[in-house]
Amino acid sequence: MVIGASSRALAGFLLMPGTILKVQFESSLYKYAGIAGAIRDIWRRSGARGFFVGAVPTAIRDAPYAGLYLLLYEAIKNQERAIAQRRNVLLPETTVTMVAGVAAGLAASYITQPFDMVKTRMQLRPHEYTSVAQSFRKIHVEETFRGFFRGISLRVLRKGVQASLVFTLYEWVLRSNALSGEAPSAKIKA
């Protein structure tokens, strides 16, 4: 779980410049004509730091998300199998992994949503939301607890479907390789 959380936090940091561009492009707060113009504007306004605004709340969101996601997935999958066995029901493995993936993705998304909101606010309005603690206070004071969950439905929908597809494919590859008797890397040619 620690390896998954650490690797997700590192990936989030390395991809942060692209995330900044994406968030600001999608926002109506910035009127960029193209990617090159956006890069120049961010650099002019904030230097290299501008490409890493929100890195701390992203890491605080991503590391627990990755750990929770895997932990919940395994627990839900095992629970589904146990219930099916007690009731003498044969569940297709794809159904088990899809349901467990959706449920794990939904739960992990809800739990980490406040950090996602702080990250997004810091990336969209870095001069208004200046630190993680200040951003949490500002959102709570101005919008109450509900402010942390604005836009949750889109994130949860995306993450739930994504988790379902990722785990279903992952489990399918594992089962396929187990049946063939080959390790996954044995099929890769240099």
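How large, in percent, is the carbon and sulfur part of the accessible surface of the range 123-177 at a probe radius of 1.4 Å?
On the way: 2310 of 3430 Å².
That share works out to 67 percent.
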>> Could you tell me the calculated FRET efficiency between Ile152 and Leu14, based on Cβ-Cβ distance and R0 = 22 angstrom, to the nearest 0.05?
In response: 0.25
> When N counts the residues of the range 1-93, how does its alpha-carbon radius of gyration compare numerically with 2.2 N^0.38 Å, as a ratio?
Replying inline: 1.65
>> Restricting to DSSP H runs of at least four residues, report the calculated mean residue ellipticity at 222 nm for the chain, -39500 (n - 2.57) per run over all residues, nearest 500 deg cm²/dmol.
In response: -25500 deg cm²/dmol
> What whole-number value in Å² describes the accessible area per residue of the chain for a 1.4 Å probe?
Replying inline: 60 Å²
> Cα centroid distance between the range 1-68 and the range 112-163, in Å?
Replying inline: 14 Å
> Label Phe145 and Glu93 with points 7 Å out from Cα along Cα→Cβ: what is the distance between them in nm?
Replying inline: 4.2 nm
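Multiply the residue gap between Gln85 and Ser7 by 0.36 nm, knock off their C-alpha separation, and tell me the result in nm, one decimal place.
Contour length minus the Cα-Cα distance gives 24.6 nm.
Only helices at least 20 Å long along their own axis, judged from Cα atoms, and with Kyte-Doolittle mean hydropathy of -0.5 or greater: name those in the chain from DSSP H.
Numbers: long enough: 55-86 (46 Å, -0.03); 93-124 (41 Å, 0.50); 152-180 (41 Å, 0.56).
Within the chain the helices that satisfy the rule are 55-86, 93-124, 152-180.
The values are calculated or read from the model by the stated rules, or taken from the named source; none is laboratory data. On a predicted model such as this, the values are computed, not experimentally measured, just so you know. Positions of Cβ are generated from backbone atoms using ideal geometry, with glycine treated the same way; all protein chains shown enter the neighbour counts. For the accessible areas, the whole protein counts, side chains as well, though only heavy atoms, and no ligand, DNA or RNA atoms are used. Shrake-Rupley method; radii C 1.70, N 1.55, O 1.52, S 1.80 Å.
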